[in-house]
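Structure record follows, encoded as structure tokens.
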Ligand SMILES: [Zn+2]
């Protein structure tokens, strides 16, 4: 491995293919950190590299046809194999974040020709401090050496395995940076950790007191834990009904004062207008389907997505038909009267 400390204008061993890969890695980081959740992955696209190799190969084959000697022809064809080999080398190389420049334009860490350097992109993500979705810029880590500053090579097995640590700062509030841990195996990048838990905002149509259950359901589902996600969706429905019961909109306690979900479902169904029940998804049905799934401990991704969508549809319809106002009237009418003095 060629080491040239202090010189950034080092010739990359990977040539044009290395440049194309560098751009693709930056794009994959942006997609991963902007659009994906914990434990989700993206693949670095090699489409541009393949396109380039194909174009080069077409040109070389054409040139080989008109080549004067067999030796010239051979050298043309060898060039094609060389490109394919270069692609393999670049994909198996260590990838590293381009080092920051220090004084006199000298990079702060050793630069190596065999490494594929890439720039960290600007990303968009939800800021846990100012609660909005803003651009985040890479934030320098100020660590001593390359191994600890951006990436650690775990080991080389069939594929290159690396772990990157990247800090990002919200451009709106410029407070504590978010730090992400990204694992690379071959061309696959996985979001393997983050310094602060991701928050998933709940749609405004949902009652405020169930927002937390909705967010937790989505965080679990997005991280590949759909079964606990389904459980949280069921808790959301249950707690929505329980709140109506607390406000005396639904009256369903048994003689021992206990609440039963099936009775809550029936009582809720009873107060819904007929045209609503005919047209919109039933919370009772969603609750029942999720319960069946939980009893079988089935992590049903399709059911999660369908239930999530139908819950929102249900509450959106409630909003349009002004059912909250009706419930408020019921609550006022049924609330235990204050004793007259
Ligand atoms: Zn912020």
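Quick note: the coordinates plus some simple rules give every number you see, no bench work behind them. The model shown is predicted, which means the values in this text are computed figures rather than measured ones. Positions of Cβ are backbone-derived with ideal geometry, glycine not excepted, and every protein chain shown enters the neighbour counts.
Mind pulling the angle between the C-alpha long axis of helix 70-92 and the longest principal axis of the chain? Nearest 10 degrees, somewhere in 0 to 90.
40 degrees
Along the three principal axes, how long is segment 254-321 when you take its alpha carbons, biggest first, rounded to the nearest angstrom?
36, 33, 16
With a 10 Å Cβ neighbour count serving as the proxy for reagent exposure, in which order, fewest first, do 293, 170 appear?
The fewest-first ordering by Cβ neighbours comes to 293, 170.
If each of residue 270 and residue 223 carries a label point 7 Å out from its Cα toward its Cβ, how far apart are those two points in nm?
The answer from the label model is 4.1 nm.
When 134, 95 are ordered from fewest to most other Cβ atoms inside 10 Å of their Cβ, what list results?
The order, fewest Cβ neighbours first, is 134, 95.
How much length is gained on full extension from residue 85 to residue 294, taking 0.36 nm per residue of separation minus their Cα-Cα distance?
Stretched out fully, the residue 85 to residue 294 stretch lengthens by 70.2 nm.
Quick check: residue separation of residue 16 and residue 204 times 0.36 nm, minus the Cα distance between them. What number comes out in nm?
Length difference between fully extended and current span is 62.8 nm.
Send over the Kirkwood Rh of segment 208-334, from the inverse of the averaged 1/r over different Cα pairs, rounded to one decimal Å.
15.2 Å
Could you state the number of Å between the C-alpha centres of segment 265-341 and segment 27-104?
55 Å
Dimensions of segment 292-331 along principal axes (Cα, Å, largest first)?
The principal-axis extents, from largest down, are 40, 19, 8 Å.
Between residue 114 and residue 260, what length in nm is gained on full extension when 0.36 nm per residue of separation is reduced by their alpha carbon distance?
Extra length from residue 114 to residue 260 when fully extended: 46.0 nm.
Using label points projected 7 Å from each Cα along Cα→Cβ, tell me how many nm separate residue 126 and residue 41, to one decimal.
For residue 126 paired with residue 41, the spin-label model returns 2.5 nm.
Within segment 258-294, name every residue whose backbone N is under 14 Å away from a label modeled 7 Å from Cα of residue 248 along the Cβ vector.
Counting backbone N atoms under 14 Å from the label point, the list is empty.
Taking 1 over the mean of 1/r across every pair of different Cα atoms in the chain, what Kirkwood radius in Å do you get?
24.8 Å
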